[in-house]
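Peer 1: Let me give you the structure first, and then I'll get to my questions.
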Amino acid sequence: MTLPPTVPEISPRDVAQAVENGDAIQVLDIRAPASVAAARIDLTAEDQYHNIVGSRLITMRSAEQVGLDPTVPVAVVCAQGNDSKPAAAFLNQLGYQAKSLRGGMAAWMLLSLPRDLPTTPSLDRLVQFERIGKGALGYLLISDGAALIIDPPRTLDPYLAAVEQAGAKVAGLADTHCHADYLSGGPLFARQLGVPYYLHPADAFYPYDGTPGRIEFRAIHDGDTIQVGRCEVRVRHTPGHTEGSVTYLVDQQAAFTGDFVFVQSVGRPDLAGKTKEWTKVLWNSLANAKAEWPKNLLIYPAHYASEDEHNPDRSVGARFGDLLQSNQALAMSDAAAFTRWVRSNTVSFPDAYRTIKAVNVGLVEVSGRQAEELEVGRNECAIG
């Protein structure tokens, strides 16, 4: 078919906000079912989401054959935002209000939405960035014009925009651990910005064979502090998900737990093939946290697993005292029972996680397209 001079497009941000606002919208994904199974836009209700392969779509001759509601706008999704353009134009010829998702699923997987969180005494602004496609969360802490980015993704544009808006400068980037499900932007952007990249040295290795990484980082240890303006970010070593997993504590009011503690679960200890050993370590870390952390401490994790982990304001986080009651792992008081629970809820993880770990410690380089392929799909970092 011949495309019209312009095919209407819709941005990933506009799709996400339409869904969150309760606006009427449908998603038509024209990729193959196998690609959809790996990653899809899952903010929409099932009756709003449709998968019709593009080659089949263009054989249809009426809106009745297509089966979507012609009165509700349609966002057409493909891999890169190219094939969706003729598909959207085709639907419009059938009487639909269709737009092509700009950048396709590749752009959706990178989308990060900022949400302001309550500040603490030493912070002027605290922002949670939700990466919807991955179910991943990153954070921006600003104090007296200095900014720290925690768990940065490989695209920092929304973070840097927020830093500029606040009239601040990035003073450092920090990972809570060496991630397995997405590529960290920490080492690269630290070099580009000329600031430190903070990581626990136990995570500066490839965990599957112990090969030392090749990244520049500033080592942090239990009890260290990172100065950000007038804010002292305290490091607490909380291993178990990884050997170098840390939690960053601010004013004894906010804890950035990475993959140590989630709202509904805890980080799985099996990603390096050391399940038995790391389960014991994880249990000890949880026991220490339960003994030491105040119950009013706000827990802000690096991931969420389901939509119901969101608060009414769309942020993800909860008070530690509440999680002691509602989080199954935290509610356990018996190490043997915890070990059985971990064992019974351990499932295989994506093969890409091994490669992502290698990239994040500087042992492998990948192209932009390879990065997109590695990061496809939501995180699988929680037990259960």
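The values are calculated or read from the model by the stated rules, or taken from the named source; none is laboratory data. All of these numbers come straight from a predicted model, not from anything done at the bench. As a convention, Cβ positions derive from the backbone with ideal geometry for all residues, glycine included, and neighbour counts pool all protein chains shown.
Peer 1: Within the range 89-118, which residues are hydroxyl-bearing (Ser, Thr, Tyr), touching a Ser or Thr at 6+ places or on another chain (Cβ under 8 Å) and in a loop (DSSP other than H, G, I, E, B)? Steps first, answer last, please.
Peer 2: Kept after step one, since they are hydroxyl-bearing (Ser, Thr, Tyr), are these residues of the range 89-118: 96, 100, 112.
Those still in the list that are touching a Ser or Thr at 6+ places or on another chain (Cβ under 8 Å) too: 100, 112.
Matches in the range 89-118: none.
Peer 1: Is there any pair linking a residue in the range 55-77 that is under 21 Å from GLU9 (Cβ atoms) to one that is of a type in the set (Asp, Glu), with Cβ under 7 Å and at least six apart or on different chains, and which?
Peer 2: Partner pairs satisfying both residue conditions: VAL77/ASP29.
Peer 1: Would you be able to say whether some residue in the range 360-367 is part of a helix (DSSP H, G or I) and in contact with a Ser or Thr (Cβ under 6 Å, 6 or more places away or on another chain)? So that I can check it myself, show each step before the final result.
Peer 2: Keep residues of the range 360-367 that are part of a helix (DSSP H, G or I), which gives 360.
Now restrict to residues that are in contact with a Ser or Thr (Cβ under 6 Å, 6 or more places away or on another chain): 360.
Yes, because at least one residue in the range 360-367 is part of a helix (DSSP H, G or I) and in contact with a Ser or Thr (Cβ under 6 Å, 6 or more places away or on another chain).
Peer 1: Tell me, yes or no, whether the range 135-154 has at least one residue that is at pLDDT 95 or above, small (Gly, Ala, Ser), at positive phi and not in a strand (DSSP E or B). Explain how you work it out, then say what you get.
Peer 2: Filtering the range 135-154 for residues at pLDDT 95 or above gives 135-154.
Checking which are small (Gly, Ala, Ser) leaves us with 135-136, 138, 143, 145-147.
If we keep only those that are at positive phi too, we end up with 135, 145.
Cutting the leftovers down to not in a strand (DSSP E or B) gives us 135, 145.
The answer is yes, given that some residue of the range 135-154 is at pLDDT 95 or above, small (Gly, Ala, Ser), at positive phi and not in a strand (DSSP E or B).
Peer 1: Residues ALA98, ALA24, ALA87: which one is in contact (Cβ under 8 Å) with a residue 40 or more places away in the chain and over 29 Å from the mean Cα position of the chain (by Cα)?
Peer 2: Numbers: ALA98 fails: over 29 Å from the mean Cα position of the chain (by Cα); ALA24 fails: over 29 Å from the mean Cα position of the chain (by Cα).
Only one candidate passes the filter, namely ALA87.
Peer 1: Looking at the range 318-337, I want the residues that are assigned to a helix (DSSP H, G or I) and have a partner that is surrounded by fewer than 16 Cβ atoms within 10 Å (Cβ to Cβ) with Cβ atoms under 6 Å, at least 6 apart or on another chain. Which pairs are those?
Peer 2: Pairs that qualify, where the first residue is assigned to a helix (DSSP H, G or I) and the partner is surrounded by fewer than 16 Cβ atoms within 10 Å (Cβ to Cβ), are PHE320/LYS295; GLY321/LYS295; LEU330/LEU324.
Peer 1: Just one of TRP278, TRP283 is touching a helix residue (DSSP H, G or I) at 6+ places or on another chain (Cβ under 7 Å) and of a type outside the set (Gly, Ala, Ser); which is it?
Peer 2: Numbers: TRP278 fails: touching a helix residue (DSSP H, G or I) at 6+ places or on another chain (Cβ under 7 Å).
The match here is TRP283.
Peer 1: Given ALA287, ALA254, which one is among the small types (Gly, Ala, Ser), under 20 Å from LEU123 (Cβ atoms) and modelled with pLDDT of 95 or more? Give the steps one after another, and end with the answer.
Peer 2: Numbers: ALA287 fails: under 20 Å from LEU123 (Cβ atoms).
Being among the small types (Gly, Ala, Ser), under 20 Å from LEU123 (Cβ atoms) and modelled with pLDDT of 95 or more holds for just one of ALA287, ALA254, which is ALA254.
Peer 1: Looking for something farther than 20 Å from ALA174 by Cβ and buried (at least 24 other Cβ atoms within 10 Å of the Cβ) - is there at least one such residue anywhere in the range 111-129?
Peer 2: no
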